[in-house]
Amino acid sequence: MGGQYRITGAKYPRMRRPRRRRRLVLTVVASMALVGLTGWGTLQLIDIFTGGGDQAAASGAKRDCSTKPRTNAGSTASPSPTPATKALPEPTRITVNVLNATTRTGLAKETADELKKRGFRIGDVGNATKEYDKKVDGAAVLLGAKAADGAALSVVRTQLPGAELRTDTRTKATEVDLVIGTGFTSLAREADADKALTALTEPTPTPTPTPRK
């Protein structure tokens, strides 16, 4: 090197690399990284537009189908299923003992004849026992086995809605005692009795509650 600077000795001064080359290397590395990210993003967009995301959507839909529906706070709970109708005995299978606990003569026979016309079997016809004779103030008392409660007793009661239901120790579920009381006037009209019997065998289904908005 000429001029005012002179090199002396056996060692040369250390020369530094220009900073421009380092900046160039960093720029190249950053450009390659940017190209890689751009390519990966392009592949993702291609998957989305070509249906590659359908599998994820289908998987999400499958999970939704397997999930039990929840009851919202603003809606009523799902109604319970209507319970099965209890099998009731037909009038032809029920034996009715008609007993008169009043002072009116012939009342038991008249009532028994009418029940027979309506399909019931008739058993004993006569006066009530001392336990009930002149001690029934209502229309009537229907006596039957515990197994007849909700069955034979309910069927006979359709003919006399005001009758009181009681159970005793007998075991025959299809036998009922009809003890006529002082408040008795007549059996229910046959048409009304038939409607009541139909309501027993075919109860009205429970309406489905409407969800609240």
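The values are calculated or read from the model by the stated rules, or taken from the named source; none is laboratory data. The model shown is predicted, which means the values in this text are computed figures rather than measured ones. Quick reminder, even Gly has a Cβ in these numbers, built from the backbone with ideal geometry, and neighbours come from all protein chains shown. In case anyone asks, the SASA skips ligands and DNA or RNA and just uses the protein heavy atoms, side chains included. Shrake-Rupley method; radii C 1.70, N 1.55, O 1.52, S 1.80 Å.
Miscellaneous remarks
- Any hit, the stretch 153-164, residues being in contact (Cβ under 8 Å) with a residue 40 or more places away in the chain and hydrophobic (A, V, I, L, M, F, W, C): yes
- Residues being touching a Phe, Trp or Tyr at 6+ places or on another chain (Cβ under 9 Å) and either aliphatic (A, V, I, L, M) or open to solvent by less than 10 Å² (accessible area, probe 1.4 Å) (or both) - total across the stretch 126-142: 4
- When Gly123 is tested against the conditions (1) open to solvent by 20 Å² or more (accessible area, probe 1.4 Å); (2) more than 42 Å from the chain's Cα centre (by Cα); (3) farther than 23 Å from Arg189 by Cα, the lone failure is (3).
- Members of the stretch 150-193 found to be exposed (fewer than 14 other Cβ atoms within 10 Å of the Cβ) and in a helix (DSSP H, G or I), listed by number: Glu190, Ala191, Asp192
- Among (1) at pLDDT 50 or above; (2) surrounded by 10 or more Cβ atoms within 10 Å (Cβ to Cβ), the one test that Pro79 misses: (1)
- In the stretch 87-125, the residues that are among the acidic types (Asp, Glu) and either under 17 Å from Thr174 (Cα atoms) or in contact with a Phe, Trp or Tyr (Cβ under 6 Å, 6 or more places away or on another chain) (or both): Glu90, Asp124
- Restricting the stretch 89-116 to residues that are of a type in the set (S, T, N, Q) and more than 22 Å from Ala152 (Cβ to Cβ) leaves a set whose member that is nearest to the chain's Cα centre (by Cα) is Thr102.
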